[in-house]
Every structure is written in structure tokens, then in C-alpha cells.
Amino acid sequence: MSLLVVGLSHRSAPVSVLERASLAADTQAKLLQDTLAAEPAAEGAVLATCNRIELYADVDKFHAGVAELSTLLAQHSGVGLEELTPYLYVHYEDRAVHHLFSVACGLDSMVVGEGQILGQIKDALALGQDLHTAGRLLNDLFQQALRVGKRAHSETGIDRAGQSLVTFGLEQLADGRDVGVWAAGKRALVIGAGSMSSLAAATLARAGVSEIVIANRTAARAERLVEILTEPGGTGVAARAVEMVAVGDELTRADIVVSCTGATGLVLTGEAVERALAVRTAPLALLDLAMPRDIDAAAHRMPGVRLVDIESLADASADAPMAADVDQVRSIVADEVAAFGAAQRAAHITPTVVALRTMAADVVAGEVARLEGRLPDLDDRQRAEITQTVRRVVDKLLHAPTVRVKQLASEPGGAGYADALRTLFDLDPETVASVSRADLNDADVKNRGRV
């Protein structure tokens with residue numbers, strides 16, 4: 001295993017850099033394709049969220065891998081390599097596994113313990129599978145990360161710390177007041193209809209707003225979200241969908257605006273906010289959860305406006321208290337990293353063991369054929385008994401060493417046992433490689449559609 005991750009997040013880079021480096025969906029696909037075209041990388045996956053961009057790869061050379069992945073991130077993000085490099089972090093092998101498992105558990109999130117990252121990891125794996133850039137290593141890694149994240153949330157109280165970014169943002173807007181009390185009876189405008197916007201709408205409905213207006217470039221998605229919000233037995237909130245061109249008019253009536261779109265430019269300009277303020281008297285609360293930002297930062301300076309965006313959330317989260325359950329989650333991560341490493345090391349020797357047993361079977365077959373030539377009068381029963389006896393002898397001789405070598409190979413530093421086995425039994429390297437290729441193809445077929 002030669003797992004490498006190169007990335008940047010809210011912990012390593014200012015939001016202004018993250019904003020400029022954000023990757024659109026089509027850019028992520030191109031980045032993965034170029035990663036596999038690069039010489040050091042055999043597999044690739046990209047995890048891109050509002051506060052992190054990480055490129056995972058299986059590489060054969062560490063230094064060349066770091067240089068290549070860093071260059072690719074710079075090229076596709078549009079931020080120059082010299083400017084980007086100081087904000088990049090690098091994790092390799094077990095440290096890379098530890099990092100992703102920590103991310104999956106919400107330990108590395110802006111809001112500790114938040115669960116939305118699991119969906120984003122799931123999307124990253126799905127993209128890698130769709131593009132066939134995620135092979136056996138990254139399929140195993142990301143599938144295990146999802147299981148570790150779910151385990152952390154089910155076995156600990158990390159959820160008590162793990163409020164969503166939406167909830168945390170609304171708390172910042174409420175400025176110390178209870179969100180339910182602050183939001184009750186207010187009108188809300190939600191711009192966007194993706195997963196984060198849907199969560200924002202549901203959270204606002206539970207908080208007791210009187211009306212939610214959904215604006216989205218695709219009208220059908222906005223209308224579907226309205227149906228979900230107003231379905232029988234739901235929150236009972238009044239909701240309606242509008243086109244994006246109506247956002248300016250809705251801004252004059254809304255008390256709370258939450259925006260999270262995939263737009264590359266501003267959705268609410270400073271001029272649009274100023275025009276709305278000119279015809280309204282009530283204060284305006286703006287929550288911008290997009291990366292790059294949807295709402296002009298100039299709104300921060302406008303009287304009667306309170307704007308909370310990713311940058312201010314990052315500042316606020318630095319002072320947020322850590323949950324007591326964090327230590328328990330860290331212990332889970334450590335155990336899971338050790339288990340994953342042992343499984344990968346054991347899997348690494350499997351092709352060699354299979355090749356050894358294949359060679360032994362060929363030897364048995366050859367000796368039985370030679371015996372049949374020397375003793376042509378053997379009947380079928382005698383021939384079968386001799387063949388079975390020889391196979392049992394070979395199996396008994398190979399059983400203990402192959403079981404033991406798998407155990408030894410699963411321990412730290414056990415990678416050399418596969419080489420020793422190949423040398424001792426003079427195994428054909430191409431035979432071992434062919435077993436590895438067949439195993440990889442089987443894993444690829446099994447993993448498709450599992451996300």
C-alpha cells in the first residue's frame with residue numbers, strides 16, 4: 001500500500017484561498033482523469049467540500065507523487081503552485097488512512113462531529129467508481145471510512161457536538177439567542193435546492209419559521225423540495241418555489257436568507273442587497289454556506305444586515321467547545337486504522353500464497369502424470385487414491401507456513417514476507433502479478449454499485 005493524500009482545508013488555508021481553489025464537478029472529473037494519466041499514480045479519488053479539497057492516490061513513488069499531485073491541484077484549482085504550496089498538507093500510508101477516518105468521523109470538520117461529511121465521502125467514492133479511477137485500495141479505503149464514520153456516530157455521543165453547519169450558522173445569526181425563539185414567525189428564503197439547501201430548509205421549518213421560499217435554477221428541484229416540506233404529517237410550514245429572477249423581490253420580504261448554490265459567481269451582489277434594504281425596515285439575516293461564496297462580502301458593512309459566511313463560521317468554530325466523546329472517537333479511529341493496515345498487508349501477500357499453491361498443484365499434476373506413465377496398469381480407483389494422497393501431503397506441508405506468513409505479513413513491517421516467499425520457492429513474478437490483476441478486476445466488479 002502506498003496511499004498518498006495531498007490537500008488543503010479550513011485548518012491549513014484561509015477561506016479566501018479555499019474559495020479560489022474550489023472545484024466544480026466537471027473539474028473534479030478532469031482532475032481524476034489527469035491523476036491517473038500521471039506516472040506515479042495508479043488510482044485516484046477527490047474529496048471536495050465547502051471547506052476542504054483533497055486528492056487521494058495510490059502511488060509508487062512518494063516524492064514524485066507529492067510533486068505531481070500538488071501540481072495537479074494547482075492546475076485544476078486555478079491557484080498558482082507557489083501560492084498554493086504553503087497551505088497544502090501531505091499524509092502517507094497509515095497517516096493518510098488515519099486522516100480520512102478522522103475526516104469521516106467529523107473530527108476534522110469545521111463543526112466537530114457533523115455528519116454531512118459521510119455523504120460527501122460517499123459522493124467522492126461514487127465519482128471514482130464511475131470514472132474507474134478508484135481501484136481496490138481506494139474502494140476498500142473509502143468503504144471502510146464510511147463504516148468507521150457510522151460506527152463513531154452510533155457508538156459515541158459525538159452527535160451531541162456534531163450539529164450541522166446549517167445549525168451552527170443559524171446559531172451564529174441568532175447571536176446567543178435560542179434559534180427556535182429567534183426564528184419563530186420569520187419568513188425565510190433558501191437559494192439552492194441541493195443537499196445543504198434542503199437541510200437548511202428542513203432546519204428552518206423545525207425552528208418555526210412561518211414561510212419558506214425556495215429559489216433554484218432548476219425549477220423542478222425547487223418544487224420537489226417544496227413538496228417534501230409541505231407533505232402531510234410534516235412540519236406544516238408554508239412553502240413555495242420561485243425562479244431565480246424573483247430573488248430580488250423575495251429579498252425585500254424575507255427575514256432570513258440561506259444560500260448554498262454551485263454558482264461560480266455571486267448570487268446576491270452588494271447592489272442587490274442594497275436595493276432590498278431601501279424598501280424594507282426589518283433587519284436582514286444572511287447565511288452563506290457556499291464555496292465559493294454566493295453573497296457579496298460587502299453586506300457585512302451594511303446597516304441592518306447580519307451576514308454569516310464560511311469565513312466567519314471558521315472563526316467561530318475555533319472557539320467551539322470539544323465534546324467529551326471526541327477522545328472515544330479518536331480511540332475508534334486508531335483501532336480501525338490498525339485493522340485496515342493489517343488487512344491491507346495481509347491482502348498484499350495473498351497473490352504470492354495463491355501463486356505458491358498453484359505451483360504446488362502443477363507439481364502434483366506433473367508427478368501424477370509421470371507416475372501414470374511408469375505404472376500404466378493402475379485402475380481409476382488406485383489412481384484417484386494416489387492423487388489424493390499426494391495432494392494431502394502437499395497441503396499439510398504448505399498449511400502451517402502459509403497461515404503463519406499471512407499472520408506475519410499483517411503485522412507492521414511485514415511487507416517483506418511476500419518477497420521472501422517468492423525467493424524461497426522461486427515463484428515466477430509474472431504468475432504473482434497475474435493473480436494480483438485478476439484479484440483487482442474481481443474487486444472492481446464487486447465494488448461497482450456498492451455506494
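The values are calculated or read from the model by the stated rules, or taken from the named source; none is laboratory data. Model, not experiment: these values are computed from the prediction. Here the Cβ positions follow ideal geometry from the backbone for every residue, glycine too, while neighbour counts run over all protein chains shown. Just the protein is used for accessible areas: all its heavy atoms, side chains included, with ligands, DNA and RNA removed. Shrake-Rupley method; radii C 1.70, N 1.55, O 1.52, S 1.80 Å.
Over the Cα atoms of the chain, what radius of gyration and what Dmax do you get, in Å?
Taking only Cα atoms of the chain, I get Rg and Dmax of 28.5, 108 Å.
What does the net charge come to around Leu287 if you take all other residues with beta carbon closer than 11 Å to its beta carbon, with K and R at +1 and D and E at -1?
On the way: positive: Arg306; negative: Glu171, Asp288, Asp294, Asp309.
After counting each charged neighbour, the total is -3.
Largest first, please: the extent of the C-alpha atoms of region 221-378 along each principal axis, to the nearest Å.
Between the extreme Cα coordinates on each principal axis of region 221-378 lie 107, 38, 37 Å.
Would you please give the FRET efficiency between Thr423 and Arg217, computed as 1/(1 + (r/R0)^6) with r the Cβ-Cβ distance and R0 = 51 Å, to the nearest 0.05? Write out the running numbers ahead of the final one.
Working: r = 62 Å, r/R0 = 1.21.
Approximately 0.25, to the nearest 0.05.
Considering the dipole of region 172-218 built from charges on the beta carbon (Lys and Arg +1, Asp and Glu -1) around the Cα centre, which of Ala183, Ser197, Ala207 is farthest to its positive end?
Of the options given, the answer is Ser197.
For the chain, with the dipole built from +1 on Lys and Arg beta-carbon atoms and -1 on Asp and Glu ones, taken about the Cα centre, which of Thr235, Ala338, Gly119 lies farthest toward the positive end?
Working it through, the farthest residue towards the positive pole turns out to be Thr235.
What nm value, rounded to one decimal, do you get for the distance between Gln388 and Glu271 when each label is placed 7 Å out toward the C-beta?
9.0
Could you give the dipole magnitude of the chain about its Cα centre, charging the beta-carbon of Lys and Arg +1 and that of Asp and Glu -1, in debye to the nearest 20? Let's see the in-between values first.
Numbers: 43 positive and 60 negative charges, 155 e Å.
Around 740 debye, computed over the chain.
If I take R0 = 25 Å and measure r between the Cβ atoms of Arg147 and Asp327 in this structure, what FRET efficiency does the formula 1/(1 + (r/R0)^6) give, to the nearest 0.05?
In this case the efficiency is close to 0.75.
What FRET efficiency would be calculated for the residue pair Ser195, Asp315, taking the C-beta separation as r and a Förster radius of 41 Å, to the nearest 0.05? Mind dumping the intermediate values first?
On the way: r = 24 Å, r/R0 = 0.60.
Approximately 0.95, to the nearest 0.05.
Positive end of the charge dipole of region 1-159 (Lys, Arg +1 and Asp, Glu -1 on Cβ, about the Cα centre): tell me which of Gly135, Gly106, Leu32 has its Cα farthest that way.
Of the candidates, Gly106 comes out farthest on the positive side.
For Lys396, which lysines qualify as cross-link partners when the Cα separation must be under 21 Å and same-chain residues fewer than eight apart are set aside?
The qualifying lysines are Lys406.
Need the full-extension length gain, Ala342 to Thr85, defined as separation in residues times 0.36 nm minus the C-alpha distance. One decimal, nm. Spell out each step's value before the answer.
Numbers: separation 257, 0.36 × 257 = 92.52 nm, distance 3.25 nm.
Difference between extended and current length: 89.3 nm.
Please give, to one decimal in nm, the separation of the simple spin-label points placed at Met302 and Ala278, each 7 Å out from Cα toward the Cβ.
Here the modelled spin labels are 1.1 nm apart.
With all pairs of different alpha carbon atoms counted, what Kirkwood hydrodynamic radius in Å does region 150-236 show? Kindly include the intermediate steps, with their values, before the conclusion.
Working: mean 1/r = 0.0712 Å⁻¹.
14.0 Å is the Kirkwood radius here.
Can you bin region 110-178 into rounded, prolate or oblate? Criterion: square roots of the alpha carbon gyration tensor eigenvalues sorted a ≥ b ≥ c, rounded for a/c under 1.5, prolate for a/b above b/c, oblate for the rest.
oblate
Over the chain, average the accessible area per residue using a 1.4 Å probe and give it in Å², no decimals.
47
May I ask you to compute the full-extension gain from Leu378 to Asp34, defined as 0.36 nm times their residue separation minus their alpha-carbon distance, rounded to one decimal in nm? The partial results should precede the final answer.
Working: separation 344, 0.36 × 344 = 123.84 nm, distance 6.22 nm.
Using 0.36 nm per residue and subtracting the Cα-Cα distance, I get 117.6 nm.
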